[in-house]
1. Does A:Ser237 qualify as being touching a residue at least 12 places away in the same chain (Cβ under 8 Å), buried (at least 20 other Cβ atoms within 10 Å of the Cβ) and within 14 Å of chain B (Cβ to nearest Cβ)?
2. Among the residues of the range C:77-90, is any on the phi > 0 side of the Ramachandran plot and more than 13 Å from chain B (Cβ to nearest Cβ)?
3. Can you find a residue in the range C:91-103 that is surrounded by fewer than 16 Cβ atoms within 10 Å (Cβ to Cβ), facing chain B (nearest Cβ under 10 Å) and over 15 Å from B:Thr101 (Cβ atoms)?
4. Restricting to the range A:253-284, what's the tally of residues that are in contact (Cβ under 8 Å) with a residue 60 or more places away in the chain and either among the charged types (D, E, K, R) or in a strand (DSSP E or B) (or both)?
5. Condition test on A:Arg247, is it over 26 Å from A:Gly152 (Cβ atoms) and surrounded by fewer than 21 Cβ atoms within 10 Å (Cβ to Cβ)?
6. I'd like to verify a number: residues in the range A:148-178 that are over 14 Å from the mean Cα position of the chain (by Cα) and of a type in the set (D, E, K, R), how many?
7. Among the residues of the range C:51-70, is any surrounded by fewer than 18 Cβ atoms within 10 Å (Cβ to Cβ), over 20 Å from B:Thr87 (Cβ atoms) and of a type outside the set (Lys, Arg)?
8. Hey, can you tell me all the residues within the range B:88-137 that are within 11 Å of chain C (Cβ to nearest Cβ), surrounded by fewer than 23 Cβ atoms within 10 Å (Cβ to Cβ) and among the basic types (Lys, Arg)?
Amino acid sequence: MQKIKTVLGTCAAMALTAGVAMAGPAEDKLILNEEIEMVTVTTAPDHMSDAMDTIYSGWHFRGVETRAMQSDDFDNPGMIAVEQAEDAWNTVDGSEGKSCASCHDGSDSMAGVKPVYPKWSEAAGEVRTLEHQINDCRENRMGAEKWKYTGGTMQGMVALIASVSRGMPVNVAIDGPAQSMWEQGKELYYTRTGQLELSCANCHEDNYGMMIRADHLSQGQINGFPVYRLKNTKLNSVHARFKGCVRDTRAETYKPGGQEFIALELYVTSRGNGLSVEGPSIRN
Amino acid sequence: MQFTRRDALAVGAGAALVAGLPIRAMAMGDEYIEAFTGGAEVGEGGITLTAPEIAENGNTVPIEVSAEGATEIMVLALGNPVPPVATFKFGPLAASQDAKTRIRLAKTQDVVAIAKMDDGTFAKASASIKVTIGGCGG
Amino acid sequence: MAKGVKPRVKVPKTAQAGGTITIKTLISHKMESGQRKDKEGNIIPRSIINRFTCDFNGQNVIDVTLEPAISTNPFIEFEATVPEAGDFAFTWYDDDGSVYEESKSIAIA
């Protein structure tokens with residue numbers, strides 16, 4: 001077993017050092033719909049200043065065509081899901097005869113919400129993601145069925161709520177009642193998992209900008225979620241992405257929507273404090 | 001000169017390329033090209049096919065075809081299980097014979113665009129597109 | 001009718017008489033290629049948008065034959081001449097016989 005581990009470890013190390021030639025994020029500026037100037041590069045937040053000086057949106061690590069596709073709402077296929085979620089926003093569902101709009105008016109009233117999630121909920125006494133908050137509304141205010149955490153309907157709604165905050169800086173609170181959850185997330189971020197024994201940091205902090213096989217490693221920022229991936233041509237949730245990464249280290253993964261991933265989402269989001277909300281963004 | 005195992009492999013691969021692949025690729029494309037041209041000669045020039053040299057993902061590859069004076073442009077992906085991709089027919093109100101779309105490529109391959117010009121001649125352009133695999137999951 | 005199909009088009013509201021405009025179209029559609037298999041190993045039948053047309057005041061702008069190699073959510077961009085004020089008609093034809101239509105008016109500036 002030890003031998004196999006070593007071989008796999010060597011493969012991982014080779015993969016991580018193979019493509020130094022194309023290092024570095026692309027120099028480019030993201031202007032949304034020729035209107036909103038997005039912050040895709042900025043100074044790293046204080047809490048991680050010992051790890052890196054500058055943070056980059058994953059947008060900088062994608063090819064020129066993919067970057068262009070995200071700069072126009074018509075070209076961005078993720079906006080189809082946003083339009084469908086807009087219909088859902090205004091549609092009454094559940095036993096209470098309410099839609100989202102019954103309490104919140106237009107979806108643009110959600111501007112400023114995405115930048116601060118995940119967030120401590122005083123009422124619930126826990127840190128919640130936007131998905132949990134949406135399902136709480138559905139169950140307890142609307143009397144409607146919960147949506148599947150990583151499903152298309154849920155992620156469309158998250159994308160709609162994110163879309164009205166595009167251009168606003170990510171700004172999650174990491175102190176106060178959220179602090180212990182944030183610490184847990186930080187610990188997970190630096191914990192090596194799986195047969196490949198890789199932590200989030202091994203790829204996204206130590207080796208961003210390098211090539212992992214044919215892929216350009218980003219800093220693993222999640223300011224662009226939900227993400228429309230060219231690979232599966234649908235919106236992908238933060239937790240599904242985490243699950244994919246943990247699985248790729250050849251580990252048993254945590255459950256989407258569960259405490260571990262909530263903690264990790266809070267921590268990883270905080271590593272992007274200062275970058276613009278981009279969701280729905282486009283990645284490969 | 002030493003003849004190493006690596007050289008042998010390289011020669012072998014080269015031979016396979018010469019012997020096998022082009023013939024198969026030609027056969028794949030030819031059938032569709034002939035149906036489009038009716039066997040007429042296909043020239044070069046007068047048509048452009050713009051595509052990324054390296055596609056980030058084969059599922060969504062942006063391409064653009066342009067051929068001034070064309071009535072139709074057919075696009076083939078020679079390495080796909082089914083080569084035809086699309087045929088653009090330009091009507092009287094087309095301001096240019098230019099179109100963009102997004103296509104699927106099963107693997108690294110050549111994409112070919114053939115224009116039928118309004119004088120009845122045909123022109124061809126091709127692009128070699130590398131389709132990459134992902135980092136971990138593939 | 002395939003589920004969740006929604007056509008979108010982007011056309012400027014005005015143009016110069018005889019001028020050129022760029023039109024972008026996108027329709028949400030899974031474009032099932034007929035090449036994929038389900039979990040049991042059975043081929044998932046092909047189900048695609050196989051044709052797209054754009055006409056202006058009854059005259060054709062573009063007529064596209066689409067094959068399974070067109071990506072999910074087919075995107076097509078092209079240029080049209082606008083001789084006078086009028087209506088663009090966009091039509092998508094689905095393998096299952098459904099026809100999706102959208103129209104946009106344009107004025108002369």
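The values are calculated or read from the model by the stated rules, or taken from the named source; none is laboratory data. Quick caveat, the model's predicted, so the values are computed rather than measured. As a convention, Cβ positions derive from the backbone with ideal geometry for all residues, glycine included, and neighbour counts pool all protein chains shown.
1. It is false that A:Ser237 is touching a residue at least 12 places away in the same chain (Cβ under 8 Å), buried (at least 20 other Cβ atoms within 10 Å of the Cβ) and within 14 Å of chain B (Cβ to nearest Cβ).
2. No: zero hits.
3. no
4. Result for the range A:253-284: 10.
5. No: the conditions fail for A:Arg247.
6. Adding up the residues that qualify gives 2.
7. yes
8. Selection gives B:Lys89, B:Lys100.
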